[in-house]
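Undergrad: The structure that follows is given in the form of structure tokens.
Taken together, the values in this text are just the output of simple stated rules run on the coordinates, not laboratory data. Since the structure is predicted, the reported quantities are computational estimates derived from the model, not experimental observations. Note that each Cβ is placed from the backbone with ideal geometry, even for glycine, and that neighbours are counted across all protein chains shown.
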Amino acid sequence: MSKQYQFKLVLLGESAVGKSSLVLRFVKDQFDDYRESTIGAAFLTQTVTLDDQSTVKFEIWDTAGQERYKSLAPMYYRNANCAVVVYDITQTASLEKARTWIRELQRQADPSIVIALCGNKTDLEARRQVSQEEAKKYAEEEGLMWAETSAKSGEGVQEIFTAIAKKLPLTAPPSARPGAASRGPGARTGVDLSKQQGAQGQQEPCNC
Amino acid sequence: MDEEYDVIVLGTGLTECILSGLLSVEGKKVLHMDRNDYYGGDSASLNLTQLYRKFRPDQAPPTELGRDRDYAIDLVPKFIIASGELTKILVHTEVTRYLEFKQIAGSFVYRDGKISKVPSTEMEAVKSSLMGLFEKRRAKKFFEFLQNWKDEDPATHQGINLDRDNMKTVYEKFGLEPGTQDFIGHAMALYLDDDYITKPARPTYDRIILYTSSMARYGKSPYIYPLYGLGELPQSFARLSAIYGGTYMLDKPIDEIVTDADGKFVGVRSGDETVKAKQIIGDPSYFGAGKEAEGGKMRVVEEGKVVRAICLLKHPIPGTEDSDSCQIIIPQNQVNRRNDIYVAMVSSTHNVCAKDIYVAIVSTIVETDKPELEIAPGLNLLGPIHDKFVSISPIYTPTSTGKEDDIFITRSYDATSHFETVVEDVQDVFKRVTGNDLVLKKRDVEVQT
């Protein structure tokens, strides 16, 4: 019998490394050369089906530009099950920034978080500044997954998300694991605000 | 910072963040700044390090309290009324997708030296010690009158005109005892003082209906509360703003509000950078609150003070049936005051502190020059207090509408136990800034490509 799991995935990385483009490619299989900074698209979901027919639904949080002046809210990291930290292979400085984000994740996020370091823009191979060896070595030292992608061509995009899905602990539904309550529909444990008034509880509105 | 914005917002308290979110959704170009390195301003929830930095800068948090990151201590004790205006904004803006809510387990009222549960079901009402048998019958008639009231059907009015008759007349019609009036006016209509009794009954009617419909919604109390503390609320609206293009800068010193020769707003200076915008919104602390006017204009005035004591307990509050969260109202008459004393308690169930810790905030409007003594009746209900952080906060209100100078200032967080007045402030500022009433539309959440 196939099972469905839901996980919160957060994206991190310097501005303009292609975080949103990566998600757009993964979720909609689209690419836009002149994409503006993230507007109106900071909450997407996409499902990956694994070999045993179980499905992993990613609830993907984009930074919405709040990373630009180091103003990401603690809410962003809260209950994140996995993170994709993106750098641009044509910009050495962006790998440095990625290291900073990884330290921030280790400080703020749940210790069990699965982190993937992702070198984007392999379509710009001619302008490469960050070697595969350097990034891979760093990822190994820190115990991170690592891959290179091109949101533009689609190369490696599906693969990195599938690899994360495989790495996530599928032993229990995320909502059942302490400290990792999922906020997806159907997985809520708290009260539902959208519920029609009076739908729950049959008592008279009057208390006396 | 060399771009020009439609609106600059200063301070990331809940009021400012809701405004920032709503204005961004409307298509305004918003720059949102805060001098602190955390979100929330005066409505933040702090971890232990931040709490100690604020209250006891020379002291490190004791390790026995547990992990720093397990704490989110609210600075302002407020709960969300389940059927109230904030809930409507949360649902309409869909920021609920970032939040998870739990009920507050119980609502209690202090009477004759002890606390009793505000009944949430008919069964509880029958057993309640708040009223005697005959008084219960009278109260039942009173509540039936309110529930059955229809504006267009005079037969339901029983000779009462809600817009003309005052609440005293209504109480007298049903023969309700002063203790019952206290309970209704303070624990249900949530008035802080008794001024409402001599005013037309309509607003009190509205408040009681809001209370009872909120109570009926989830069952245990009229209140809900966001997991990880109230500080999640401003963060969620800040995210909404950012998604619609709002720019966020924390940890940004604000050195000057720059105006032109006519006193009209021009921009904000931080260090040697000045960023320009058409309008500015901000909390009172960015507009000279607590300082003498330096030749310039007095932009905010103090309306009063609130004393708040954040108490860390290692047990639930006695007499609350071991509730993991509750509100206790001490009506002013019960302790010979003009204003009620409130106790608001949350615990690890709401992910705001370590296991087996309970965080209770006792608060009231300051009436004397010894504010800490004024909250003693509340502190005395708590049992042994492990640690206590007391603050006295002035309540500021703006001196002008902002129409002349494009400077729009929000109000400080008041002593009420909920967010209804915060939403009123949001609606008021929104109207002054945009010229339009705030109309809540369901927004489109599909990705724009």
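Undergrad: Provide the per-residue ³J(HN,Hα) series for segment B:206-211, in order, calculated from phi with Karplus coefficients 6.51, -1.76, 1.60 and θ = phi - 60°, each as a whole number of Hz, with x at glycine and proline positions.
TA: The phi angles translate into 4, 5, 5, 5, 4, 5 Hz.
Undergrad: Only counting other Cβ atoms within 10 Å, I'd like B:R338, B:R411 sorted with the fewest neighbours first. Walk me through the numbers on the way to the answer.
TA: Details: B:R338 13, B:R411 20.
The most exposed by this proxy come first: B:R338, B:R411.
Undergrad: Another question, if that's okay. Which shape class applies to segment B:61-167: rounded if a/c is under 1.5, otherwise prolate when a/b exceeds b/c and oblate if not, where a ≥ b ≥ c are the square roots of the Cα gyration tensor eigenvalues? Mind showing how you got there, number by number?
TA: Working: a/c = 3.04, a/b = 1.58, b/c = 1.93.
Verdict is oblate for segment B:61-167.
Undergrad: Here is a further query. Can you tell me the dipole magnitude for segment A:4-176 around its Cα centre, using point charges on the Cβ only (Lys, Arg +1; Asp, Glu -1), in Debye to the nearest 20? Kindly include the intermediate steps, with their values, before the conclusion.
TA: Details: 21 positive and 24 negative charges, 88 e Å.
It works out to roughly 420 debye.
Undergrad: Near B:K291, which lysines are there with a Cα under 25 Å away, not counting those fewer than 8 places off in the same chain?
TA: Leaving aside lysines fewer than 8 places away in the same chain, those within reach of B:K291 are B:K54, B:K252, B:K264, B:K276, B:K305, B:K370, B:K403.
Undergrad: Taking H as built 1.01 Å from N, whose amide H comes closer than 5 Å to the amide H of B:H418, not counting residues under 5 places away?
TA: For B:H418, whose amide H was placed from the backbone, the distant partners under 5 Å are B:F79.
Undergrad: For a quick check: sort A:K70, A:K57, B:K114 by the number of other beta carbons within 10 angstrom, fewest at the front. Let's see the in-between values first.
TA: On the way: A:K70 13, A:K57 19, B:K114 10.
Ordered from fewest to most neighbouring Cβ atoms within 10 Å, A:K70, A:K57, B:K114 come out as B:K114, A:K70, A:K57.
Undergrad: Treating the beta-carbon of each Lys and Arg as +1 and of each Asp and Glu as -1, no other charges, what is the dipole magnitude of segment B:262-418 about its Cα centre, to the nearest 20 debye?
TA: So the magnitude is around 160 debye.
Undergrad: Oh, and also: Work out the charge dipole of segment A:4-176 with +1 on the Cβ of Lys and Arg and -1 on the Cβ of Asp and Glu about the Cα centre, then indicate which of A:A80, A:T122, A:A163 is farthest towards its positive end.
TA: A:A80
Undergrad: Compute the long axis of helix B:232-243 from its Cα atoms, compare it with the longest principal axis of the Cα atoms of chain B, and write down the angle in degrees, 0 to 90, nearest 10.
TA: 40 degrees
Undergrad: Per Stokes-Einstein, at 37 °C and 0.692 mPa s, what whole-number D in µm² s⁻¹ belongs to the protein assembly as shown, with the Kirkwood radius over Cα pairs as the hydrodynamic radius?
TA: 123 µm²/s
Undergrad: Under a Cβ-Cβ cut-off of 13 Å, what is the net charge of the residues other than B:F134 that fall near it, where Lys and Arg count +1 and Asp and Glu count -1? Display every interim value, and only then the final one.
TA: On the way: positive: B:K136, B:R137, B:R138, B:K140, B:K141; negative: B:E135, B:E177.
Result for the neighbourhood of B:F134: +3.
Undergrad: Which angle from 0 to 90°, rounded to the nearest 10, does the C-alpha axis of helix B:14-25 make with the longest principal axis of chain B?
TA: It works out to around 60 degrees.
Undergrad: Return the loop-located trypsin sites (Lys or Arg not before Pro) in segment B:118-204 (DSSP other than H, G, I, E, B) with at most 13 other Cβ atoms within 10 Å of their own Cβ; answer none if there are none. Please report the intermediate quantities before stating the final value.
TA: Values: sites: B:K127, B:K136, B:R137, B:R138, B:K140, B:K141, B:K150, B:R164, B:K168, B:K173; in loops: B:K150, B:R164.
When the trypsin sites (Lys or Arg not before Pro) of segment B:118-204 are filtered for loop state and at most 13 Cβ neighbours within 10 Å, B:K150, B:R164 remain.
Undergrad: In the protein assembly as shown, what percentage of the DSSP-assigned beta bridges are antiparallel, given to the nearest 5? Please report the intermediate quantities before stating the final value.
TA: Values: 60 of 104 bridges.
Here the antiparallel bridges make up roughly 60 percent for the protein assembly as shown.
Undergrad: Here's a follow-up. Spelling out what I want: for every residue of segment B:65-72, take phi, set θ = phi - 60°, compute 6.51 cos²θ - 1.76 cosθ + 1.60 (Karplus), and round to whole Hz; glycine and proline get x.
TA: Using θ = phi - 60°, the values come out as 7, x, 6, 3, 6, 7, 9, 9 Hz.
Undergrad: Dipole of the protein assembly as shown (Lys/Arg Cβ +1, Asp/Glu Cβ -1, origin at the Cα centre): which of B:I317, A:Q4, B:A125 lies farthest to the positive side?
TA: Working it through, the farthest residue towards the positive pole turns out to be B:A125.
Undergrad: Give a residue-ordered list of calculated ³J(HN,Hα) values for segment B:129-141 (Karplus: 6.51 cos²θ - 1.76 cosθ + 1.60, θ = phi - 60°; whole Hz; x for Gly, Pro).
TA: Here the 3J(HN,Hα) series is 8, 5, 9, x, 4, 5, 5, 4, 5, 5, 5, 4, 4 Hz.
Undergrad: For segment A:4-176, what does the alpha-carbon gyration tensor say about shape, rounded, prolate or oblate, given a ≥ b ≥ c as the root eigenvalues, a/c under 1.5 as rounded, and a/b over b/c as prolate? Walk me through the intermediate numbers first.
TA: On the way: a/c = 1.33, a/b = 1.27, b/c = 1.05.
Since a/c stays below 1.5, the shape of segment A:4-176 is classed as rounded.
Undergrad: I would also like to ask the following. Have a look at B:S221, B:S417, B:S400 and tell me which one the Gaussian network model of chain B (Cα, springs below 10 Å) gives the largest fluctuation.
TA: Of B:S221, B:S417, B:S400, the most mobile in the Gaussian network model is B:S400.
Undergrad: Give me the net charge for the shell around B:D37: Cβ to Cβ below 12 angstrom, other residues only, Lys and Arg +1, Asp and Glu -1. Intermediate results must be reported in sequence, preceding the final value.
TA: Numbers: positive: A:K70, B:R35, B:R53, B:K252; negative: B:D34, B:D251.
For residues surrounding B:D37, the net value is +2.
Undergrad: Taking the Cα centre as origin and putting +1 on Lys and Arg beta-carbons and -1 on Asp and Glu beta-carbons, what dipole magnitude results for the protein assembly as shown, to the nearest 20 debye? Could you put the intermediate results ahead of the total?
TA: Values: 80 positive and 94 negative charges, 303 e Å.
Here the protein assembly as shown has a charge dipole of around 1460 debye.
Undergrad: Something else: Structure shown: which of A:K3/A:K167; A:K97/A:K136; B:K168/B:K199; B:K78/B:K114; A:K3/A:K57; A:K28/A:K57 lie over 18 Å apart, alpha-carbon to alpha-carbon? Don't skip to the end; give the middle numbers.
TA: Numbers: A:K3/A:K167 16 Å; A:K97/A:K136 16 Å; B:K168/B:K199 8 Å; B:K78/B:K114 23 Å; A:K3/A:K57 11 Å; A:K28/A:K57 14 Å.
Flagged as over cut-off: B:K78/B:K114.
Undergrad: Between the helical axis of B:420-434 and the dominant principal axis of chain B, each derived from Cα atoms, what acute angle in degrees is found, rounded to the nearest 10?
TA: With rounding to tens, the tilt is 40 degrees.
Undergrad: Which translational diffusion coefficient, to the nearest whole µm²/s, is obtained for chain B from the Stokes-Einstein equation, given a Kirkwood hydrodynamic radius over C-alpha pairs, 37 °C and 0.692 mPa s? Show your work: numbers first, answer last.
TA: Details: Rh = 23.3 Å.
The estimated diffusion coefficient comes to 141 µm²/s.
Undergrad: Hey, what number do you get for chain B at 222 nm if only DSSP H runs of n ≥ 4 count, each worth -39500 (n - 2.57), divided across all residues, to the nearest 500?
TA: Values: 12 runs with 115 residues, N = 449.
Rounded to the nearest 500, the figure is -7500 deg cm²/dmol.
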